[in-house]
Amino acid sequence: MSALLAGPVVQTILRVFGFVVPVPVVLVLAALAWVQFDKSSAIRTAVNDRVKEMVAGAEIATLQAKLAAQRAIAARLDDVSAEAQRRLTAAVDAQLSLAMRLQAVETKNGDLNDDLDDLLSRPVAGDCAVGADILGRLRGR
C-alpha cells in the first residue's frame, strides 16, 4: 500500500517542482538582465552622478560647518586666554601694591616703636605731675 501511495505522491511532487522551480529561475535571470540593463542606462548614470554630487556637497557643507565651529572655538579660547592674562596681571599688581603698603606700614610701625622706646627711656618725674601744656589739652576736650 505504501508503494502505491509513494508512486503517486512522488509523481505529484515532481510535477509541482517541475513547474515551480523553472519559474523562479526565469525570474532571477530576468532580474539580473534588468539590473545589467539598468546599470548601462543613461538615466541610471545621471542619477548616480547626481547622488555623488549631492553627497559631495553635503560633505563639503559639513566640513565648512566644522571649520566655522573650530574657528569660533579658537576665537573664544583667545578671548578666555586674554581675560585670564588680564586677571593674572591684576592679581600680581594687587600683590605688589599690598607688599609695598605692608612694607610702608612695617616701616612706620618700626618708627613708632622707636619713638615709644625713646619715651619709655626718659625718666618720669617723681611726683608724676602732668605738665601745664598737656593739662591744657586735656581740659580742652
Once Lys and Arg are counted +1 and Asp and Glu -1 for all other residues with Cβ under 12 Å from that of Leu77, the total becomes -1
Farthest towards the positive end of the dipole of the stretch 28-86, among Ala75, Ile60, Asn48 and with Cβ unit charges of +1 on Lys and Arg and -1 on Asp and Glu, lies the Cα of Asn48
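Each value in this text was obtained by applying a stated rule to the coordinates, not by laboratory testing. Here the structure is a predicted model, which is why all the values come from computation and not from measurement. Don't worry about glycine lacking a Cβ; one is built from the backbone with ideal geometry, like all the others, and counts go over all protein chains shown.
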